[in-house]
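The values are calculated or read from the model by the stated rules, or taken from the named source; none is laboratory data. The model shown is predicted, which means the values in this text are computed figures rather than measured ones. Here the Cβ positions follow ideal geometry from the backbone for every residue, glycine too, while neighbour counts run over all protein chains shown.
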Amino acid sequence: MTALITFDEQQGVFHLHNRKISYLLALEEGGILSHLYFGSAIDSYHGQLRYPRVDRGFSGNLPGHTDRTYSLDTLPQEYSASGDSDYRLPAAIIEHADGSRAARWIFKDYQIVDGKPELAGLPQAFVEDKTEAQTLIINLVDEVSHLELALNYTIYRDRAIITRSSKLTNLGSQAVTIKKLASLQIDFVAKDFESICLPGAHANERHLTRAKVTAGVKSFESRRGSSSHHMNPFLALVEPKTDEFSGEAYGFALVYSGNHKFELEQDQIDQTRLLIGINDYNFSWDLQPQASFTTPEVLMTYSEAGLNQMSQAFHQIIQERVVRSKFKHQARPILVNNWEATYFDFDEEKLKPIVADAKKLGIEMFVLDDGWFGHRDDDTSSLGDWSVYKKKFPQGIKHFSDYVHEQGLKFGIWVEPEMISLDSDLYRQHPDYLMQVPGRAPSPSRSQFVLDMSRPEVQANVYQQLSQVLDQGIDYIKWDMNRNISDVYSVGLPASRQGEVYHRYILGVYALLEKLTTNYPDVLFEGCSGGGGRFDAGWAYYMPQSWASDNTDALARLTIQYGTSLAYPISTMTAHVSAVPNHQTGRQTPLKTRGDVAMSGVFGYELDLTKLSQAEQATVKKQVASYKQIRSLIQYGKFYRLKGPHEGNQTAWMFVSPDQREAMLFTFQEQAFAQGALTKTHLAGLKPDLFYREEATGQVYSGAELMKLGLYDPVVHQDYTSKSYHFKVLD
Ligand code: GLA
């Protein structure tokens, strides 16, 4: 096997490379590890990028060194510490027994191993075969405290992907406290960057937001105990000229669902430091002698051909090497969910006609949403009591699931396992399971509270209840989380270790999911947190798909799905057709547009099928049938963004099969104009010399024509319209 990682002993340079990318780091004087390069592949390196030595005022030097041109304050480093003469943001802050917080990471040794070692207890990218990747582990030490820091770099052979994480081991004789430990640091020199992040809110997630990187510090973070609607754990750094198809793009996605922080600092000489990891907000971790702490990992990619190429690298690694479920390559069932159809107001008899209609229309799964358990008629009770509400299902859930199965549909169910209502048997039996600070009243949110998932006994209680539900003929679980964490404290930990609770919470949830997904491999798990409040690569490790947003309005969804696609594959993104006027925005959009937007993801319906007119039923039947034809192309094809909703009146995207013989194009227009300018859409990703037939019109085009000449967009006289085109190669 050809080496993906080499070490040039003479130059002291490590080179991670494949045919797409290279990453270079070097040993500097005093054993400091410096960053040389991350970008498109190079074959060899001859030392030309060694950092120039310049004497800069107020940038101090290493102890014992007289060379005033060598300073940690300016040197691009692979990993920094606090308490020395690097005044930029530190990657690590460790408090020693004497109260000091200084460290200096000095190179000790390295290892190169085939494949990718596992990160215990954390979600991560994996290999199926050791020849797929190589891993470089560089061990650094702080010689005073005997802390050992391992920097892990895995490069995949056939992907423009490197993963990074770090691990701190206490080889000293006294405990230390980790106050901050980043998963990665990269120091860029001579780059004029813009950042692209994905902020949002409930029902308004992941809006592509681009800004110039300027002097000072900017952070993109969540302090909500989850990856959040508010700032997704993703960041891209791009050139000002970068667009969907050209220019450099560095992409970073943290494989973690808890509090995260992405920090950017542009320093005194316009160098940019990037730090990514667990948020240091209210974080601390007690590290006893001989103990280790491993950070979550970051997936990073580099593209010299714009944002589509960056996104495609993420889509492929997450789809193929992060998602583990047996459903990862399977056609995902088209479902109908009763939430927007009935909210809490349902019982078995009211749901049966919806199931019957779903069957008639070709829908493949019925999902029973919130309100089937405890005595839940609204959102003020019963979270924590995962047994059937007898008033709604007098003969139990198994009886209803049998009915759904007899109709030929799969049966799914909603749960919100991390939560507790005050009005619940669980709270009456175990009030201490509710997370709260002693002596202070906890804050409700949606009238509910959070279970202390850091405690093994709480995880065990939830596992036991959920496994009883899963044993009743359940094919699918929608795992929700309808508030953020507050009042963070665990009675399971001593006072000195309360800073561990946020991270232990998510580790507890991961442990529970590991057990559930291992013991119930045939259940399809869908993630949800008030829509897309936990849409991250860590969650994808356990849940192959997630509800992208509670906002089902087709127009709003264009922005949300466009932003989501920057990092996450289409197969992870669920999208449903709902009723009009839309329940979140009041907007009326045509059923065709609602269908085309939802068909651009993992497709389903979220409305009362029994209330559709005959004409609407016929349209839905056609939508379901046509989605079945294009399902594998949509879910597993290559996705190209062509026009973004943030740029103007139109959105366009397309899906191309791996062999480039089939493609689906969707174009959307927000407003109609009386005398609008003519517009065109240029396709992408086709083979220029193949001939493609558009299925609806029979018109034949060469790939080159579709990509270079493009297609005229239709002139429309209605707002919120869409058009779909299905191309197949002419045999
Ligand atoms: C969240 C979900 C919705 C629905 C409700 C039920 O808001 O995102 O889809 O399941 O909870 O309470």
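Worth a mention:
- Cross-chain or 6+ apart pairs with Cβ under 6 Å, region 365-386 first and on the phi > 0 side of the Ramachandran plot, then small (G, A, S) and surrounded by fewer than 21 Cβ atoms within 10 Å (Cβ to Cβ): S382/G374
- Near pairs, Cβ below 7 angstrom, 6+ apart or cross-chain, from region 336-350 (at pLDDT 95 or above) to any residue that is more than 12 Å from the ligand (Cβ to nearest atom) and in a helix (DSSP H, G or I): V336/I354; V336/A358; V336/L609; N338/L351; N338/I354; A341/I354; T342/K350; E348/F400
- Residues of region 308-346 that are part of a loop (DSSP other than H, G, I, E, B), out of contact with any Asp or Glu (no Cβ under 6 Å at 6 or more places or on another chain), within 16 Å of the ligand (Cβ to nearest atom) and not acidic (D, E): Y343, F346.
- Condition check for L383: part of a helix (DSSP H, G or I) and within 16 Å of the ligand (Cβ to nearest atom): no
- Taking every residue in region 390-410 that is assigned to a helix (DSSP H, G or I) and pairing it with any residue that is exposed (fewer than 13 other Cβ atoms within 10 Å of the Cβ), at least 6 positions away or on another chain, yields no pair with a Cβ-Cβ distance below 7 Å.
- Only a single criterion out of (1) buried (at least 16 other Cβ atoms within 10 Å of the Cβ); (2) assigned to a loop (DSSP other than H, G, I, E, B) is not satisfied by A663, namely (2).
- Number of positions in region 386-413 that are among the β-branched types (V, I, T) and either more than 34 Å from the chain's Cα centre (by Cα) or within 16 Å of the ligand (Cβ to nearest atom) (or both): 1
- Scanning region 8-45 for residues that are aromatic (F, W, Y), farther than 21 Å from A313 by Cβ and either surrounded by fewer than 15 Cβ atoms within 10 Å (Cβ to Cβ) or in contact with a His (Cβ under 8 Å, 6 or more places away or on another chain) (or both) yields a single hit, Y45.
- No other residue among T619, T593 is touching a residue at least 40 places away in the same chain (Cβ under 8 Å), within 19 Å of L361 (Cα to Cα), outside any loop (DSSP other than H, G, I, E, B) and away from the ligand (no atom under 16 Å from the Cβ) apart from T593.
- Counting only strands (runs of 3 or more DSSP E) that sit completely within region 168-220, those holding 3 or more residues that are touching a residue at least 24 places away in the same chain (Cβ under 8 Å) correspond to 176-188, 194-197.
- Positions within region 605-626 being in contact with a strand residue (DSSP E or B) (Cβ under 9 Å, 6 or more places away or on another chain) and surrounded by fewer than 19 Cβ atoms within 10 Å (Cβ to Cβ), in sequence order: S626
- Only one entry in F314, F327, F346, F366 is crowded, with 23+ Cβ neighbours inside 10 Å and out of contact with any helix residue (DSSP H, G or I) (no Cβ under 7 Å at 6 or more places or on another chain), namely F314.
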